[in-house]
1. For segment 65-132 and segment 196-240, compute the distance between their C-alpha centroids and round to whole Å.
2. Could you work out the helix-only [θ] at 222 nm for the chain, with each DSSP H run of four or more residues adding -39,500 (n - 2.57) and the total divided by the number of residues, to the nearest 500 deg cm²/dmol?
3. Expressed as a whole percentage, what fraction of the accessible surface of the chain belongs to carbon and sulfur atoms when a 1.4 Å probe is rolled over the protein heavy atoms?
4. Where does each of 198-206, 122-130 land if you order them by average Cβ count within 10 Å, highest first?
5. Place a +1 charge on the Cβ of each Lys and Arg in the chain and a -1 charge on the Cβ of each Asp and Glu, then give the dipole magnitude about the Cα centre in debye, rounded to the nearest 20.
6. What spacing in nm lies between the two simple spin-label points modelled at ILE174 and VAL308, each 7 Å away from Cα in the Cβ direction?
7. Taking the mean number of other Cβ atoms within 10 Å as a proxy for protection, how do you rank 176-182, 147-153, 296-302 from highest to lowest?
8. At a temperature of 25 °C and a viscosity of 0.890 mPa s, determine how fast the chain diffuses translationally according to Stokes-Einstein, using the Kirkwood radius over alpha-carbon pairs as Rh; express D in µm²/s, rounded to the nearest whole number.
Amino acid sequence: MRLKLRNVFLVYFVVSSTGLLYALLQLGQQCGCTRQINPGNNIHRWETPHRRGGENMPVIYVVTPTHTRPHQRAELTRLSQTLLLVPALHWIVVEDSAQRTSLVSDLLAQSELQYTHLHVQTPPAMKLKDSDPNWLKPRGVEQRNEALHWLRENRSPKDHGVVYFADDDNTYSIKIFQEMRNTHKVSVWPVGLVGGLRYEGPLVTGGKVVSFHTAWKTHRPFPIDMAGFAVSLTLLLNHPKAQFDPNAERGFLESSLLGPLVTVGELEPKADNCTKIWVWHTRTEKPKLKQEELLEKQGKGSDPKILV
Ligand code: UDP
Ligand code: MN
């Protein structure tokens, strides 16, 4: 009996050691990513499994308004690196500025994404001041409309595509891009951390949107956040006048675009009948730069040649 128990332990020891050794060896192996060298410009790029096979897919046009501020490069870096995980994607970045800035031009040139870089300045009367609460005026409206204008000039209704308005500070799962890819008219899903709720989004019965989970201005025709819908390129191009209304009442910006394009009953619910959160309306804290200002006064500020 004693001998048998020892044998059992011996077998157990050998099996578990082999398993451990195998696991350790696997850790050292390359992941499923393959590193490819782009012969054109000698840029090394990672082709992730998510990004492969985009040749025959409708293109997702991601429209991002952006403006100069201390953390702009951080926001755009994070977003661009999420977008790198998505196949067949074209990033339309529209700066709220009188000219294209070199900060954004350089970031885009190095991003390895397919992109278009536009700019249009928000008229001073419509521009949010530093001291204003951020809800006082709509943000990014002229910029999103500029992207719509570019699409109308450069794409045809026959092109297969979908347009998504992605602010530079939100958080996006790659799943949300998979969900929106096949949009006939307008697809919708819930957005996390918005409207004073854990999430705000469409309520679905029998595969159709019947109402909305929202607590703020519930009479809005489309009480959904900018990050909670995507529009077919064809639909947008077939309605050449459809755009965001810069004078829309607060909260009605999304409705000003969607109203002439679809009815609530026609919305296409995604993300498991709008029960999954794959995009969040996050906001970045304004960086505190008091010490920088003090040092600058002494002529000892941070090196301006170092891009932050
Ligand atoms: N934005 C802009 N100009 C501005 C303020 C904001 O182009 O003067 C952009 C900003 O970079 C973002 C979008 O508009 O991509 C929405 O702005 P923000 O995130 O401040 O709005 P909120 O989170 O309050 O909806
Ligand atoms: Mn935001």
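1. So the separation of the two Cα centres works out to 25 Å.
2. Working: 9 runs with 91 residues, N = 308.
After summing the helix terms and dividing by the residues of the chain, the value is -8500 deg cm²/dmol.
3. Roughly 56 percent, rounded to a whole number.
4. Final packing ranking: 198-206, 122-130.
5. Dipole of the chain, to the nearest 20 debye: 1040 debye.
6. 3.2 nm
7. Working: 176-182: 21.0, 147-153: 17.3, 296-302: 9.9.
Averaged packing, sorted descending, gives the order 176-182, 147-153, 296-302.
8. Details: Rh = 22.2 Å.
Using the Kirkwood radius from Cα pairs, D works out to 110 µm²/s.
The values are calculated or read from the model by the stated rules, or taken from the named source; none is laboratory data. All figures in this text were calculated on a predicted structure; none of them were measured in a lab. As a convention, Cβ positions derive from the backbone with ideal geometry for all residues, glycine included, and neighbour counts pool all protein chains shown. Accessible surface is based on the protein model in full, side chains and every heavy atom, while ligands, DNA and RNA are left aside. Shrake-Rupley method; radii C 1.70, N 1.55, O 1.52, S 1.80 Å.
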